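Okay, so here's the structure we're looking at.
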Amino acid sequence: MVETHLERASSEPATGGQPWPDRSVIPSVWSRITNLEVERGEGAWLITRDGQRYLDYSSGIGVTNTGHAHPRVAAAIAAQAAKLIHGQQNIVYHEPGLRLHERLQHVLPGDGWGAFLSNSGAEAIEASVKLARIATGRPVIIGFRGGYHGRTAQTMALTTAKDVYRGHFEPLPGSVYHTAYPYCYRAPGASHDPAACTCDWEAQLELTFHQIIYPEHVAAIIIEPVLGEGGYIVPPPGFLPRLREITREHGIMLIADEVQTGYGRTGRFFAVEHWGVEPDILVMAKGIASGLPLSGLLAKRDLLAKWPPGTHGGTYGGNVVSCAAANATLDIIADEHLVENAADRGAQFLAGLRGLARKHPAIGDVRGLGLMLALEFVQPGVGDGRTPDPNLAKRVLSEALDRHLIVLSAGTYANVARIIPPLVTTAAEVDQAISILDQSITAAGA
Ligand SMILES: Cc1ncc(COP(=O)(O)O)c(C=O)c1O
């Protein structure tokens with residue numbers, strides 16, 4: 001007997017509705033870390049179509065800082081969508097966009113900031129490169145080894161976190177060079193305490209200026225204040241302030257890529273604030289609109305004014321519904337004290353992870369800033385004790401998923417578990433996650 005559409009539908013779980021199309025409709029270029037079929041989310045939790053609850057400590061790769069489907073964000077989106085969904089930036093003004101631009105003038109310390117809005121992190125990085133080049137009249141951009149800035153042509157050229165992001169796509173746009181990032185755990189010779197850093201990043205940058213490119217030809221140096229995809233590496237205390245001095249000495253712009261570190265993630269609204277560093281351009285995305293596509297850059301208004309009309313833009317930049325979501329996001333971050341919660345829950349989590357490292361020798365390093373946390377897995381007793389163990393990291397992630405905790409991997413060798421909870425997460429949820437990680441590391445055979 002041929003099964004009818006209705007019969008098939010009625011055999012679906014109550015929440016499932018019609019049978020879902022086969023997964024093969026999605027191309028395999030979308031690598032995937034779970035097979036969860038998710039129907040909804042609330043706070044730090046994702047709920048599958050069969051009603052299973054998962055603690056989402058991926059935050060959809062650092063996006064859902066206000067938690068999943070925050071009622072105030074959902075209401076702002078619904079109300080705006082009922083009025084106007086697209087009010088194109090080159091054609092009209094709309095209140096949510098004007099309001100957001102106005103508010104973004106005050107999210108960084110100091111006066112004179114302005115914002116340019118676009119859709120994705122990569123698109124905003126592209127914009128920052130164009131702005132730095134047009135403002136300085138210089139061609140070259142320097143990035144850091146291990147950095148991640150996106151997957152478009154220009155941002156691929158800047159990205160060196162992993163070969164998979166760029167290795168098949170040469171030739172990439174030129175006049176982009178890379179220098180060493182201070183990765184204290186993997187410093188040549190031996191690990192050291194970041195507080196007493198002996199990494200030679202400054203000498204390497206000097207060498208770059210002597211061997212590869214004159215500093216007076218460099219438009220900008222782009223830096224993630226905490227390295228993201230590259231392994232959640234927190235730099236030593238003196239690094240960013242010294243980099244700011246060097247860039248100023250040479251008239252080079254400093255671009256802070258805060259796509260992942262921004263919007264409260266590290267326990268400050270932007271991570272550069274931990275070191276009192278003022279970049280020339282700050283790039284933001286991910287947490288800005290709680291999940292609607294929106295990104296942008298901040299720069300002083302006199303710098304933005306050097307961008308002649310029409311030299312940059314895009315159909316959807318500053319979309320009105322995304323701006324409404326972004327305004328609601330700013331309200332929630334303030335009203336629910338999410339930046340403070342990120343700092344508090346981050347300290348709680350870091351202490352818990354340090355406890356796990358004392359118990360499990362396969363944890364080579366524990367690091368983090370706010371709710372951007374990492375465990376780096378190694379093979380104890382092999383080589384100098386820092387040999388990466390990506391297979392163990394994979395097993396730990398899989399065991400954690402079996403226990404309904406979603407965490408991601410990171411790092412050039414994929415041997416880092418990175419933990420990115422929503423900033424609304426509670427102390428009880430953090431304790432639950434630490435306990436699940438403990439069980440998962442044991443179950444993974446570490
Ligand atoms: C630091 C950083 N920059 C840029 C990007 C690119 O953002 P998008 O994926 O929105 O293009 C990402 C994405 O993960 C990121 O983490």
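All of the numbers you see were taken from the coordinates with simple rules; none came from a lab. For clarity, every value in this text was computed on a predicted model and none was experimentally measured. Here the Cβ is made from the backbone with ideal geometry for all residues, glycine too, and neighbour counts use every protein chain on show.
Results, tabulated for the structure shown:
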quantity: Thr261, Thr311 arranged by Cβ crowding within 10 Å, fewest neighbours leading; calculated: Thr311, Thr261
quantity: 3J(HN,Hα) from dihedral phi, segment 296-308, Karplus parametrisation 6.51/-1.76/1.60, rounded to Hz, x for glycine, proline; calculated: x, 10, 10, 7, 5, 5, 5, 6, 4, 5, 7, 9, x
quantity: Segment 74-335, relative contact order in percent, only Cα pairs under 8 angstrom and at least six apart counted; calculated: 29
quantity: Under DSSP loop assignment and at most 16 Cβ neighbours within 10 Å, longest GluC sites (Glu not before Pro)-free interval of the chain; calculated: 38-335
quantity: When the chain is reduced to its Cα atoms, the Kirkwood hydrodynamic radius in Å; calculated: 22.9
quantity: Relative contact order (%) - criterion: Cα under 8 Å, at least six apart; region: segment 246-399; calculated: 19
quantity: Loop chymotrypsin sites (Phe, Trp or Tyr not before Pro), segment 139-245, which have at most 15 other Cβ atoms in a 10 Å radius of their Cβ (DSSP); calculated: Phe169
quantity: Gap separating the Cα centres of segment 270-344 and segment 420-446, nearest whole Å; calculated: 30
quantity: Convex hull (Cα only) mean projected area of segment 124-173, reported in nm² to one decimal; calculated: 3.3
quantity: Gaussian network model of the chain, springs between alpha carbon atoms under 10 Å - residue of Leu117, Leu350, Leu303 with greatest fluctuation; calculated: Leu303
quantity: Residue-averaged 222 nm ellipticity for the chain, from DSSP H runs of 4+ at -39500 (n - 2.57), nearest 500; calculated: -10000 deg cm²/dmol
quantity: Segment 246-318, relative contact order in percent, only Cα pairs under 8 angstrom and at least six apart counted; calculated: 24
quantity: Packing-based exposure ordering (other Cβ within 10 Å, fewest first) of His274, His312; calculated: His312, His274
quantity: Which of Asp344, Asp163 has the fewest Cβ neighbours within 10 Å, and the rest in rising order; calculated: Asp163, Asp344
quantity: Segment 140-218: trypsin sites (Lys or Arg not before Pro) in DSSP loop, at most 12 other beta carbons within 10 Å; calculated: none
